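This report refers to the structure that appears directly beneath it.
Coordinate-derived values only; no laboratory data. Remember, it's a predicted structure, so these values are computed and weren't measured experimentally. Ideal geometry is used to build each Cβ from the backbone, glycine not excepted, and the neighbour counts take in all protein chains shown.
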Amino acid sequence: MCDIKKYVYFAAVQFIYPTFLFALSAISIPIIIHLFNFRRYKKIIFSDIRFLLEVQEETKSKQKLKEWLILICRILTISFLVFAFAQPFIPNTTLKNAATDKNVSIYIDNSFSMGNESESGTLLESAKNKARGIINAYENDVKFQILTNDFEGKQQHLISKNDALKSTDETQISSLSKNISSVLNRQKQAFENNNSKHQCYIISDFQKNFTDINQLNVDSNILLNFVPINASVSHNISIDSAWLESPVVRINQPLKMKVRIRNFGKNDEDNIAVTLKINNIQKALIDVKCGAQQFTDAEINFTLNNAGWHQGELSIIDHPVTFDDKLFIAFATTSVNNILCINHGNVNNFINKVYEGDDAYKLINTNENQIDYSTFNLYKLIIINEPVTISSGLSSSLIKYISDGGSLLIIPPQQSSTKDINTLLASINSITYELPIKQNLKADKINIAEEILSDVFNKVTHNIDLPMVNQYYETSKSSVSKGIALIQLNNGLPFIYQSNYKKGNVFLFTTPLNTDWSNLPQHAVFVPLMLKIGMGNNPPAHLYYTMGKDKNVKANTEWKGAEKILHITGNGNDMLTDLKSKEGNNEFLIENVIQKSGIYKAEIKDQTNTGMYFALNYNRTESDVSVNDMSKLANDNHVEVLNNDATVIGHKISQGISETRLWRVCLIMALLFVSFEILLLKLL
């Protein structure tokens, strides 16, 4: 029984290079030496051999044993050396089935990190070579999916072997990046109509940002293989992000810009030169220090001398990773924002102090009996401050103003009915006021995802300081009410609410601007909130957009009316796209439309003086050059790792070779028997 088991185990062992086994004929050398060298006798002259007879009889058997042991050691040494060169292995049934699979998916990572140099060229070329080795290991009737970060529709079709090789050759570096879970889901979709097992290969440098292993869901029909490309880059410095300290940009006024520099290397960097150019003119040059694996927020101060749109570029010099060394920005100086405040009684000093101290705003106070409805279209914002009544004429004029894209802020009265206000609010599908309630509450939620608050807070912590109320109006919502709470009280009711109606916005406070009701007028959030609301329905454009993250560009120019065709130019691009109206905002699609970073101009087709600029930057997810430990990655996820050159990978797939081979064992055994031979010669 034992002999049968040994025979089966030995029969399971195969060789990558079986032709080396012909070298086993070399074992004839020690045999010949044994036959002709050990059997030669030497003459030794003694005066009397009577005393040697007994010694000769005792050592003859030991000498023969020694000779045979040396012969066996030499034969085994040569045999194991030959086996080591022939590279024995035990076939892996998973990979053995790979050669007979009829559907194979190969993902080639063509993100920016794959453009880095290695000893054999770029990482992408190494990846393509391995893809070719995998493809050539299969029969001609196998169908392939060649997938890249572009996720094009044609990549979801299974193609022939020749077309797969052609598609591999055509793969180029892309600005897009994906994670491993989305890649695997895409591979599954290509096989969703086939229930048999499929081989999936993922060829990548396996950066840590790529391998979202926690989201990985490997189907039982998927046989997953990781094919790592070894990267030599271990450091990188990038311009991570930038933002203006104030949303209001004015000419001849000092401006502050924050720039975040990240150091992904293992050493501190003391002299990172950061350059700012505006309209191709250098505005600032600063030196920045950044610790290893840290980031630094540097401040740049500059002044603009002319109005209109401004095109900017932040840059550093860093090699070999360069795609994140530039950050493009585009913004416009802010024109004067006209604001009309309709007061029931006295003007509100808190409102006056916010706008009168800023040259970008012009506040006009008027009484509810002295309103000129024909001038409404001149104002970015209309404030109704504690109204007692709202006439039908004012109500209809406000509805038209909002419909055309205006912004309305309603501040409820301290002591009066809200009936007229509710009539107006109901007609524009907003929430309505109920009775006031005296209760001490604290605001505990703020929605920074909304445009109006997007740059008021950098981040929200669990213990953020928000306003408190002593008294507030309850609100009610109907089935047609639309909107969202910008700031919410800790009882779940809104404190500040925003709703959209056609092209315009409506903002509701649930307390008057009076310190007896709340501390909002004295709170730090009040001033930036009022400034943002005062910009009307056209807040400043984003400083820049990011590929793979932002899908649309919001148009901040006065593009109103029906949907239009836009003409986009810049960086060698010349294209047309649709301007869409969504919830009162105009925007246009950039996702998968523009693939190169830079500054672009968008203008309504066949119209002059309608243009706006927007900046588009590469995604920074590829900036972190750290990679995963592939052995740990494989053990934790039960996948096969093929960490060899293209030729060996192809041979392993076609022959079903396991990653763990036996040549090291053979080499150790050869050295062991050499040691035994030396011991025999020395000691016996």
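See the values below:
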quantity	calculated
For the range 126-210, alpha-carbon Rg over 2.2 N^0.38 Å	1.07
Axial C-alpha extent at least 27 Å, average Kyte-Doolittle at least 0.5 - helices from the chain (DSSP)	53-86, 663-683
Sequence-separation-based contact order of the chain, relative, with Cα cut under 8 Å and 6+ spacing, percent	16
Among 665-671, 675-681, the order from most to least packed when residues are scored by Cβ within 10 Å on average	665-671, 675-681
Hits among lysines - C-alpha to C-alpha of residue 605 under 16 Å, sequence gap 8 or more where chains match	560, 564, 580
Among 408-414, 182-188, the order from most to least packed when residues are scored by Cβ within 10 Å on average	408-414, 182-188
Long-range HN-HN contacts of residue 486 with modeled amide H, under 5 Å	496, 497, 498
Cross-link reach list, lysines versus residue 62, counting only Cα pairs under 17 Å and skipping chain neighbours closer than eight places	682
Cross-link partners of residue 102 among aspartates and glutamates (Cα-Cα below 18 Å; sequence separation of 8 or more within a chain)	139, 141, 163, 192, 219
Simple label model, 7 Å out from Cα along Cβ direction - residue 14 to residue 65, nm	4.4
28 Å Cα-Cα threshold exceeded, pairs from 400/532; 166/208; 362/554	166/208
Protection-proxy order for peptides 526-535, 150-159, 639-648, each taking the mean of Cβ atoms within 10 Å per residue, highest first	526-535, 639-648, 150-159
Dipole of the chain, positive direction: furthest Cα of 351, 505, 171, with charges on the beta-carbon	171
Contour minus Cα-Cα distance for residue 514 and residue 119 (0.36 nm per residue)	135.2 nm
28 Å Cα-Cα threshold exceeded, pairs from 154/197; 143/549; 258/601; 197/551; 353/549; 419/503	143/549; 197/551; 353/549
Residue-wise HN-Hα coupling along the range 267-284, computed from phi with Karplus coefficients 6.51, -1.76, 1.60 (Hz; x: Gly, Pro)	10, 5, 10, 9, 9, 9, 7, 10, 10, 10, 10, 10, 6, 6, 10, 5, 9, 7
Kirkwood-based Rg to Rh ratio, the chain, C-alpha trace	1.21
For the range 201-358, share of DSSP beta bridges that run antiparallel, in % to the nearest 5	90
Rg over Rh, two decimals, the range 237-334 (C-alpha only, Kirkwood Rh)	0.99
Length-normalised contact order of the range 224-332 in % [C-alpha pairs under 8 Å, at least 6 apart]	29
Counting DSSP beta bridges with both ends in the chain, the antiparallel % (nearest 5)	65
Stretchable slack from residue 571 to residue 292, in nm (0.36 nm times residue separation minus alpha-carbon distance)	97.0 nm
